[in-house]
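Novice: To start, I am sharing the structure in question, which I have written as structure tokens.
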Amino acid sequence: MTTVIRSTCFATLMCVCLAAPLFGADATLDKSQIEADKKALAPIFQYVGGWRGAGLPKDGPVKEGWSEESDWQFDLKNGHAALVFSVDKGKFYKSGRIEPGDKKGTFKFTGVSPDGKTKDEMVGELDKSGDVAFDNVTPGEGRPARLLFSVVAKGNRLLIDLQKKSPGGRFSTFCEVSYTRKGSGFGQQANAHECVITGGSGKMEVSYKGQTYWVCCGGCKDAFYENPEKEIAAYKKRKEDEKLKDKM
């Protein structure tokens, strides 16, 4: 009986020992993927924040315009990083997300219509001016065939052109939503604080062991407090790498 018990305990111990490195490897892979995703999303970090906007049909009367508000933040869960947004009183979308595409400089956009019945899935590419055009391969009735995102005024303005495609293949804007960043003065150039999670523009204070840090959104705030020591260590490592790169 003693021999059986010892054998069983030994087998259990071996399983635990063999499994432990695997869990550690998974955590390392998750961290590596999140860092890679954040780097890929860096060109559009300025989308993050709260926005107050107005929509206006291109050829329609002013009275057909509307007001809406949008909030963008990071989603750093499930081993990936993405930008997610919600829209209050939006005419075309109520929520969505942008994540890195399969190729460098590309992104995947998913937007949900206000009634929740339509989901637009698009692929976008960053151009030389920093704008991103998302193409909808199979747009539904009344849905945009392309979305053109532009950030201007030192990060304080976000413009979204909703475009349709003519039979000849040309795109033309049928509606534009113009956003102004809430709390004017925000923006990458107007804010000296850096987000400890993403390296973007920090707007919210967080603290750990008496030290103050900054994050850019609620998603990054949650990630910080979930494991502050890990995030602070990653931040310090990133700053060291930047210093070494500057010296080269």
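Values in this text are rule-based calculations from the coordinates and carry no lab data. The shown structure was predicted, so the numbers you read here are calculated from the model rather than taken from an experiment. Neighbour counts are summed over all protein chains in view; Cβ atoms, including those assigned to glycine, are modelled from backbone coordinates with ideal geometry.
Novice: If I stretch the segment between Ala54 and Trp66 completely, what's the gain in nm (0.36 nm per residue apart, minus their alpha carbon distance), one decimal?
Specialist: The Ala54-Trp66 span can extend by a further 3.8 nm.
Novice: Go ahead and run the numbers for FRET between Lys117 and Tyr208, Cβ-Cβ distance against an R0 of 30 Å, rounding to 0.05.
Specialist: Efficiency at R0 = 30 Å is approximately 0.10.
Novice: Over all distinct Cα pairs, what is the inverse of the mean 1/r for segment 129-248, reported as the Kirkwood hydrodynamic radius in Å?
Specialist: In segment 129-248 this quantity evaluates to 17.3 Å.
Novice: What nm value, rounded to one decimal, do you get for the distance between Asp30 and Lys237 when each label is placed 7 Å out toward the C-beta?
Specialist: The modelled label-to-label distance comes out at 1.5 nm.
Novice: Can you give the charge dipole size of segment 99-211 about its Cα centre, rounded to the nearest 20 debye, using +1 on the beta carbon of Lys and Arg and -1 on the beta carbon of Asp and Glu?
Specialist: Value, rounded to 20: 160 debye.
Novice: Moving on. Please list 3J(HN,Hα) in residue order for segment 136-145, calculated via the Karplus relation 6.51 cos²θ - 1.76 cosθ + 1.60 where θ = phi - 60°; whole Hz, with x for glycine and proline.
Specialist: 9, 5, 10, x, x, 4, x, 9, x, 8
Novice: Then there's this: Direction-averaged shadow area of the convex hull around the Cα atoms of segment 101-167, nm²?
Specialist: For the Cα atoms of segment 101-167, the hull's average projected area reads 5.7 nm².
Novice: In 5 Å bins starting at 0, how do the alpha-carbon pair distances of segment 44-181 split up by percent?
Specialist: Calculated P(r), rounded to whole percents: 2, 10, 19, 25, 23, 14, 5, 1, 0, 0.
Novice: Which of Val123, Pro144, Ile160 sits farthest toward the positive end of the charge dipole of segment 123-248, with +1 on the Cβ of Lys and Arg and -1 on the Cβ of Asp and Glu?
Specialist: Ile160
Novice: If the reach is capped at under 17 angstrom between alpha carbons, list the aspartates and glutamates near Lys89, excluding any in the same chain fewer than eight residues apart.
Specialist: Reachable aspartates and glutamates: Glu64, Glu68, Glu69, Asp71, Asp115, Glu176.
Novice: Follow-up. As a quick test, which of the pairs Lys103/Lys203; Lys63/Lys91; Lys38/Lys117; Lys154/Lys239 have an alpha carbon distance above 21 angstrom in this structure?
Specialist: Lys103/Lys203; Lys38/Lys117; Lys154/Lys239
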